[in-house]
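The values are calculated or read from the model by the stated rules, or taken from the named source; none is laboratory data. Nothing here was measured: the structure is a model prediction, and the numbers come from that model. Cβ coordinates were reconstructed from backbone atoms using ideal geometry, including for glycine residues, and neighbour counts include every protein chain displayed. For accessibility, only protein heavy atoms count, side chains too; no ligands or nucleic acids. Shrake-Rupley method; radii C 1.70, N 1.55, O 1.52, S 1.80 Å.
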Amino acid sequence: MASGNKKLSVLVLIICILLTLNSCASKKDVFEENNTIFFQHLLNRLEQDEVDIYSVDAYYLDNWYYYRVSYSYVSPLTAEWQDIELVYFGNFQVDRYFNPNWTNWAGLEQYRDSYYAAVEKGEHKSFSQEEIKQYVESFYSSK
């Protein structure tokens, strides 16, 4: 009997390990998908020579994703380079953005506060310049 309990315990342990590994792999896959979606949102209306991305930091907490990006772009209104910082975000998938420097939040305070909670308590990924370059090149080569 003791031998049967040990085998059952080992089997249960193996199943728990496999489920944990699968869960981690699924989250990574979702995060990777959001990386591509974020860059699509950011670059959608800009030509490759009209944007220069300085930094991208991604955060994840409670199924919410946030991408804080600092970049320069050629303004369609003035045709001059402008610096901007935005936070793209979404629940399960990135689909909106806000400017962390806004003074009038017009009902978006909850998203701002959730972003800062993710910065404080969530998972963080800082993109290297090489990673940024790869995503940018991938986006424009697929157009």
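Starting from the range 33-58, take each residue that is touching a residue at least 60 places away in the same chain (Cβ under 8 Å) and more than 27 Å from GLY122 (Cβ to Cβ) and list its partners that are part of a helix (DSSP H, G or I) and open to solvent by 60 Å² or more (accessible area, probe 1.4 Å), counting only C-beta distances under 9 angstrom and pairs at least six apart or across chains. Cβ pairs passing all conditions: GLN48/GLU137. Here is the figure for the range 83-113: residues that are touching a residue at least 12 places away in the same chain (Cβ under 8 Å) and either open to solvent by less than 50 Å² (accessible area, probe 1.4 Å) or among the aromatic types (Phe, Trp, Tyr) (or both) total 13. Considering the range 51-90, the residues that are hydroxyl-bearing (Ser, Thr, Tyr) and part of a loop (DSSP other than H, G, I, E, B) include one that is farthest from TYR140 (Cα to Cα), namely THR78. Of the residues making up the range 114-123, those that are surrounded by 13 or more Cβ atoms within 10 Å (Cβ to Cβ) and either in contact (Cβ under 8 Å) with a residue 60 or more places away in the chain or of a type in the set (A, V, I, L, M) (or both) are ALA117, ALA118, VAL119, GLY122. Considering (1) assigned to a helix (DSSP H, G or I); (2) modelled with pLDDT under 95, the lone condition that ARG112 does not fulfil carries the number (2). On the stretch given as the range 105-143, residues that are among the basic types (Lys, Arg) and under 21 Å from GLU32 (Cβ atoms) total 3. Restricting PHE31, PHE127, PHE139, PHE98 to those that are touching a Lys or Arg at 6+ places or on another chain (Cβ under 7 Å) and at negative phi reduces the list to PHE98. Taking TYR71, is it of a type in the set (Phe, Trp, Tyr) and open to solvent by less than 100 Å² (accessible area, probe 1.4 Å)? So TYR71 fits the description; yes. Only one entry of TYR65, TYR54 meets the criterion of being at pLDDT 90 or above, among the hydroxyl-bearing types (Ser, Thr, Tyr) and open to solvent by 90 Å² or more (accessible area, probe 1.4 Å), and that entry is TYR54.
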